[in-house]
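See structure below.
The values are calculated or read from the model by the stated rules, or taken from the named source; none is laboratory data. Small disclaimer: the values here were computed from a predicted structure and weren't measured. Heads up, the Cβs are rebuilt from the backbone with ideal geometry, glycines too, and the neighbour counts pull from every protein chain shown.
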Amino acid sequence: MTQLVLDLHDIQGDILVPLQKDVENFLFIKIVDKISFKDLLKNYAVGKITNAQRAQQQELAIERQKELGQRELGEFVGLNLGFTKDGLSLLIGSQRLKFDPAFERSAAHYQTIELLNDPPCSTWVKKFLSDRIDGVFLLTGRHRSTVAFHSSELLRSLGGSIKVVYSELGNTRPGAERGHEHFGFLDGISQPGIRGLMASSNRIYKSDGRLPGQDLIWPGEFVFGYPGQNRKDPHKEGPPPEMAAPWMRNGSHMVFRRLEQKVPEFRRFVREQAARLGMDPELLAARMVGRWRSGAPMELAPQRDDPALGGNERRNNDFEFGDDSDQCKCPYAAHIRKVYPRDDARGGEAEVQRHRIIRSGIPFGPEVAPGETTTRHSRGLMFVCYQTSIERQFEFIQRSYANNPNFVDGKVRPGGGGRVTPGFDPIIGQAPGNGAREIDEPYPNYPTGNRRTTLEMPKQFVELTAAAYFFMPSITALRTVLT
Ligand code: N7H
């Protein structure tokens, strides 16, 4: 077996070890003067990019500060950089070798929109589409003021070589909602465990390499140059993903999606539908997500929330779906069951583990204001995920799982009943032409029962308002081929 040594000093930070972020500035740029951009990037910016090793050290330092009971944690600033297909073509010439087909197609292309049932670009944030986007800088930190200071320093150092096409801040939610996304659910719980990242420094990747319930995945699924998953056996190593050019090594593809969340509308819908079904609204919302607000999974807490379980990282991800084969505890269509069916999809685990992503998003926008019964302020999730094949990972999850009402297939009603159509992912699933969606069995048949119910969702509560695909090069590539 190959000795796995990850070049953590050469891999950008956010890919494997999320950058520490309470605030994140997304700076989408166009390169207007290629020669001076290369020169300024090489001399002033590349040295400031946070690699995975540094991100791990920062994580460790924060853990220590927390253990010591320090209230004011240290301020760590992070910087990462990615390029679109247009950015790469500009920097190294349009004759460059082509990467992942989805990356080369781009997120705003009509074929991508059609493939993913995305809303048309005419409904996206206007400014995002106001010019060509060549790259994105991700600037992270604990405080708004620090991130603002470092953003303006960066822009000053790059001078007139670039133009900012669009920028937006993400920020974690305040107080007790910290770590929760805008619908109110704890996020950032379940991530793939990365083989070879044996850091005792990271909250997610503990000293034995993983947390209970966390499957180990070969790093080539997320970073180029390493073995990927084996098609037949989820534990054995498979071939490394193909690289169009050797300098892709230690790089990764990043998917960015600005997902607006209609929070008051979602809350009202859940309230009304729960009343119609005769159930607790919190239970209905939890069955749509697959976890309670606290993070407690339906599989382990099917009837009521269990905050102690939700907050316990050694227990809150330790479950499978296979032994809940009649969706008694968690509907087949629940968000987390759709996007990662664990041991319960027909192709088996070897197949499922080839469609994993590392998520690294952050909420954006203000809290719901008192009296805001219809969304008045744009808020949601700056969704970010990393992978080596956008087609086989992010796009597959969105298209073949979330948007596919027949997934998971092959299910029948208990007692020899008919075939089950699980329905769309109620959180992120998108029907063609923005059509209505349904999910099967919102009302639990647990611990007993045999009531057939469906939940119809005429509208989306999550709307795509901007998207782009990037390549996050290695630090070496940033110092050489790209500058
Ligand atoms: Fe999802 N939500 O609040 O409902 N997500 N997600 N997601 N998501 C997860 O396990 C949410 C989105 C995945 O390993 C949790 O960390 C919202 C997209 C995957 O068990 C919650 C939005 C895609 C997982 C949410 C959104 C995914 C996951 C549970 C958009 C990919 C891990 C917390 C606004 C196409 C599944 C956790 C696993 C978990 C929510 C977007 C994928 C609460 C609100 C676009 C793979």
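Report yes if some residue within the stretch 377-384 is closer than 24 Å to Cys330 by Cα and in a loop (DSSP other than H, G, I, E, B); otherwise report no.
Within the stretch 377-384, not a single residue is closer than 24 Å to Cys330 by Cα and in a loop (DSSP other than H, G, I, E, B).
In contact (Cβ under 8 Å) with a residue 24 or more places away in the chain, in contact with a Cys (Cβ under 7 Å, 6 or more places away or on another chain), of a type outside the set (Phe, Trp, Tyr) and more than 25 Å from Glu265 (Cβ to Cβ): is that true of Ile390 in this structure?
no
Of the conditions (1) at pLDDT 95 or above; (2) of a type in the set (A, V, I, L, M, F, W, C); (3) more than 12 Å from the ligand (Cβ to nearest atom); (4) touching a helix residue (DSSP H, G or I) at 6+ places or on another chain (Cβ under 7 Å), Cys330 clears all except one; give me its number.
Here Cys330 clears every test but (3).
Restricting the stretch 157-183 to residues that are of a type outside the set (Gly, Ala, Ser) and in a helix (DSSP H, G or I), which is nearest to the ligand (Cβ to nearest atom)?
Of everything passing the filter in the stretch 157-183, Glu177 is nearest to the ligand (Cβ to nearest atom).
Only residues that are at pLDDT 95 or above, of a type in the set (Asp, Glu) and out of contact with any strand residue (DSSP E or B) (no Cβ under 7 Å at 6 or more places or on another chain): list them for the stretch 204-236, please.
The answer is Asp233, and nothing else.
When residues of the stretch 380-407 are filtered for being over 16 Å from Phe222 (Cα atoms) and more than 10 Å from the ligand (Cβ to nearest atom), how many remain?
Of the residues in the stretch 380-407, 5 are over 16 Å from Phe222 (Cα atoms) and more than 10 Å from the ligand (Cβ to nearest atom).
Restricting attention to the stretch 283-300, which residues are touching a Phe, Trp or Tyr at 6+ places or on another chain (Cβ under 8 Å) and either among the β-branched types (Val, Ile, Thr) or away from the ligand (no atom under 14 Å from the Cβ) (or both)?
Result: Val289, single match.
Is there a residue being within 14 Å of the ligand (Cβ to nearest atom) and either within 18 Å of Glu441 (Cβ to Cβ) or acidic (Asp, Glu) (or both) anywhere in the stretch 354-377?
Scanning the stretch 354-377 turns up no residue that is within 14 Å of the ligand (Cβ to nearest atom) and either within 18 Å of Glu441 (Cβ to Cβ) or acidic (Asp, Glu) (or both).
Yes or no, residue by residue, for (1) within 16 Å of the ligand (Cβ to nearest atom); (2) in a loop (DSSP other than H, G, I, E, B):
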residue: Gly415; (1), (2): no, no
residue: Thr421; (1), (2): no, yes
residue: Glu438; (1), (2): no, no
residue: Thr448; (1), (2): no, yes
residue: Tyr469; (1), (2): yes, no
residue: Val481; (1), (2): no, yes
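Do you know which residues across the stretch 323-348 are part of a loop (DSSP other than H, G, I, E, B) and not charged (D, E, K, R)?
Passing the criteria: Ser325, Gln327, Cys328, Cys330, Pro331, Tyr332, Ala333, Ala334, Tyr340, Pro341, Ala345, Gly347.
Of all the helices (runs of 4 or more DSSP H) wholly in the stretch 23-109, which have at least 3 residues that are within 18 Å of Ser157 (Cβ to Cβ) and among the hydrophobic types (A, V, I, L, M, F, W, C)?
Output list reads 34-40.
How about the stretch 86-132: which of its residues are closer than 17 Å to Arg257 by Cβ and modelled with pLDDT under 95?
Passing the criteria: only Asp100.
Residues in the stretch 395-412 that are crowded, with 16+ Cβ neighbours inside 10 Å and either of a type in the set (A, V, I, L, M) or in a loop (DSSP other than H, G, I, E, B) (or both): how many?
Summing the residues that are crowded, with 16+ Cβ neighbours inside 10 Å and either of a type in the set (A, V, I, L, M) or in a loop (DSSP other than H, G, I, E, B) (or both) in the stretch 395-412 gives 8.
Only one residue in Leu309, Leu259 is within 11 Å of the ligand (Cβ to nearest atom) and at pLDDT 95 or above, so which one is that?
Leu259 is the lone residue from the list that is within 11 Å of the ligand (Cβ to nearest atom) and at pLDDT 95 or above.
Test Phe266 against the criterion of being at pLDDT 95 or above, within 13 Å of the ligand (Cβ to nearest atom) and within 20 Å of Pro458 (Cα to Cα), and give yes or no.
It is true that Phe266 is at pLDDT 95 or above, within 13 Å of the ligand (Cβ to nearest atom) and within 20 Å of Pro458 (Cα to Cα).
If you check Lys262 against the conditions, is it charged (D, E, K, R) and either crowded, with 22+ Cβ neighbours inside 10 Å or without any contact (Cβ under 8 Å) to a residue 12 or more places away in the chain (or both)?
no
Surrounded by 15 or more Cβ atoms within 10 Å (Cβ to Cβ), out of contact with any Ser or Thr (no Cβ under 7 Å at 6 or more places or on another chain) and closer than 17 Å to Leu482 by Cα, is that true of Leu88?
Yes.
Tell me which residues, restricted to the stretch 423-436, are within 16 Å of the ligand (Cβ to nearest atom), more than 13 Å from Val289 (Cα to Cα) and in a loop (DSSP other than H, G, I, E, B).
Matches in the stretch 423-436: Gln430, Ala431.
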